[in-house]
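K.L.:
Take this structure first; my questions come after.
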Amino acid sequence: MRFYSFLRAGECKQDIGEVYEVLPIEEYFKVDNCSEPQIHHRYSRDEAIAFFRSTEAALEAYDGQWVIFPHAILCFAVVDGHPHRGSFPRSNAFTWSTRKTLSMLDSDCFAFLPAEVRSTQHSERWLFAKRQEWEDYMLVGKLDRSRSAGHEQTTRYASFRFTPVLPSALWRKLNGMSPTLPDHTKLDKTLLQLGPNSNSDDRFGALKQLVEYWYGLIMPEDAFIESDLWGLQMPRALRRWYLLAGRHKSIMDDFLVHFASPVELRQEEGKLVFYWGEMLGGPFWGSPLEGDDPQVFVRETYPRTPWRAEPLTITELMLSNILDNAITTAPYGADAHNLQAETIAAITEPMSPLAIPEKDGENTTYYVKDGVYVLSGSGSIYIGAMSEHPLQHLRSYMDLNKWQHIAF
């Protein structure tokens with residue numbers, strides 16, 4: 001079973017240099033007798049700043065995206081839907097990014113953040129966000145310190161948790177999604193019908209429904225075309241997937257596994273390698289070069305191990321990996337490790353288990369009921385849903401001292 005955790009921000013090591021522009025406080029719009037800002041209300045930028053006015057000058061960083069007072073730090077984010085550009089991947093998670101070139105990039109992966117944002121000293125951090133088409137910013141909530149950071153080509157990004165959890169209507173609005181929640185009924189039924197007698201067409205249909213429920217409709221631009229696959233030998237199941245949604249990165253990439261594009265496919269010892277772990281020493285999955293939906297094989301990288309058979313076919317592995325990613329990164333849900341078996345049993349007993357084979361060496365089971373999806377095994381449990389509504393009956397199990405993440 002895979003375990004997911006966040007890095008903790010390190011101590012501030014260096015001054016950020018010329019990122020700042022110091023502004024006199026007189027430049028800020030002032031309002032007499034300001035009340036406290038209201039969560040999820042909208043304000044112009046000047047109105048938002050006025051709530052935190054001070055007798056001291058404020059600092060601005062990154063062209064005004066960060067406004068830093070002695071007693072409070074404000075983040076103004078413009079959301080455009082890109083996963084690493086000021087987006088909301090979860091209902092209590094925010095990703096801020098920059099393309100600004102910095103003169104120092106040391107071993108501290110948080111060094112691109114303003115020093116005050118990285119600081120361990122207590123200072124309220126408030127998040128205001130809007131979409132490009134909105135005139136005003138919405139007060140989302142209070143930011144925690146950054147939990148993880150990374151880069152994608154020239155973009156550097158940091159992830160934050162915030163409180164309170166966004167209601168699903170606002171989370172979908174900020175992400176530019178339809179206000180209508182997807183209907184889980186058809187997907188639940190399809191997944192529960194899978195079993196030993198299911199064929200590759202059954203599993204492929206379930207795979208398509210699973211993807212469209214969690215990630216939106218598969219569009220024509222998500223597919224490769226036949227000419228992209230010319231000269232490539234592969235099983236029918238892989239070819240079908242490439243011609244349906246092989247370009248859809250948000251579906252097939254998470255931070256631990258990578259689904260190969262056609263140009264990344266390679267052969268090793270008679271196996272076609274098409275999936276691998278992103279972490280050092282992560283597994284590689286391969287399949288025979290032909291067949292409809294053949295059994296897959298897996299090997300470790302460090303130390304290198306021989307190929308060994310997995311108890312899954314290609315479509316079963318894809319269902320398993322997409323369910324892993326969907327549940328563990330769901331906009332609403334919870335996860336806990338070393339949880340008492342009695343608690344896990346009480347949560348999963350009313351649910352229906354899915355007949356998706358386990359990966360070799362993983363003692364895990366998937367469950368589903370009424371739009372709530374669970375991945376459980378070895379004392380750990382991940383719960384995921386597309387909104388907060390079907391999760392409310394689980395609140396009695398949510399002991400803050402035992403659960404690492406709660407978002408509903």
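K.L.:
Are there any pairs with C-beta distances below 7 angstrom linking a residue in region 138-151 that is at pLDDT 85 or above to a residue that is of a type in the set (Lys, Arg), with the two at least 6 apart or on different chains, and if so which?
P.N.:
What qualifies is 138/42; 138/130; 142/125; 143/125; 144/161.
K.L.:
Filter region 331-356 down to the residues that are among the acidic types (Asp, Glu) and surrounded by fewer than 19 Cβ atoms within 10 Å (Cβ to Cβ) and list them by number.
P.N.:
Within region 331-356, 342, 349 qualify.
K.L.:
So, residue 357, is that one modelled with pLDDT under 95, in contact with a helix residue (DSSP H, G or I) (Cβ under 7 Å, 6 or more places away or on another chain) and not assigned by TED's automatic domain parsing to the domain that holds residue 168 or not?
P.N.:
So residue 357 fits the description; yes.
K.L.:
Still on this structure, I have one more. Restricting to region 136-154, name every residue that is surrounded by 16 or more Cβ atoms within 10 Å (Cβ to Cβ), within 17 Å of the chain's Cα centre (by Cα) and part of a strand (DSSP E or B).
P.N.:
148, 149, listed by residue number.
K.L.:
Something else now. Determine which single condition residue 374 fails, assuming it passes every other condition in (1) at pLDDT 95 or above; (2) of a type outside the set (Gly, Ala, Ser); (3) not in a strand (DSSP E or B).
P.N.:
(3)
K.L.:
Turning to a different aspect of this structure: Part of a strand (DSSP E or B) and surrounded by fewer than 22 Cβ atoms within 10 Å (Cβ to Cβ): does that describe residue 311?
P.N.:
Judged against the criteria, residue 311 is a match.
K.L.:
Let me ask another. Would you check if residue 104 is modelled with pLDDT of 80 or more and not in a strand (DSSP E or B)? Show your work before the answer.
P.N.:
Details: modelled with pLDDT of 80 or more: no; not in a strand (DSSP E or B): yes.
So residue 104 does not fit the description; no.
K.L.:
Identify, by number, the condition in (1) surrounded by 13 or more Cβ atoms within 10 Å (Cβ to Cβ); (2) in contact with a Lys or Arg (Cβ under 9 Å, 6 or more places away or on another chain); (3) at pLDDT below 50 that residue 92 doesn't meet.
P.N.:
So residue 92 meets the others, but not (3).
K.L.:
Looking only at region 256-290, filter to residues that are surrounded by 12 or more Cβ atoms within 10 Å (Cβ to Cβ) and polar (S, T, N, Q); which one of those is modelled with the highest pLDDT?
P.N.:
The extreme case among them is 287.
K.L.:
Would you point out the residue of region 140-154, among those that are in contact with a Ser or Thr (Cβ under 7 Å, 6 or more places away or on another chain) and not small (Gly, Ala, Ser), that is farthest from residue 172 (Cα to Cα)?
P.N.:
Per the stated criteria, the residue is 147.
The values are calculated or read from the model by the stated rules, or taken from the named source; none is laboratory data. If you're wondering where the values come from, they're calculated on a predicted model, not measured in any experiment. All Cβ positions, even for glycine, are placed from backbone atoms using ideal geometry, and neighbour counts span all protein chains on display.
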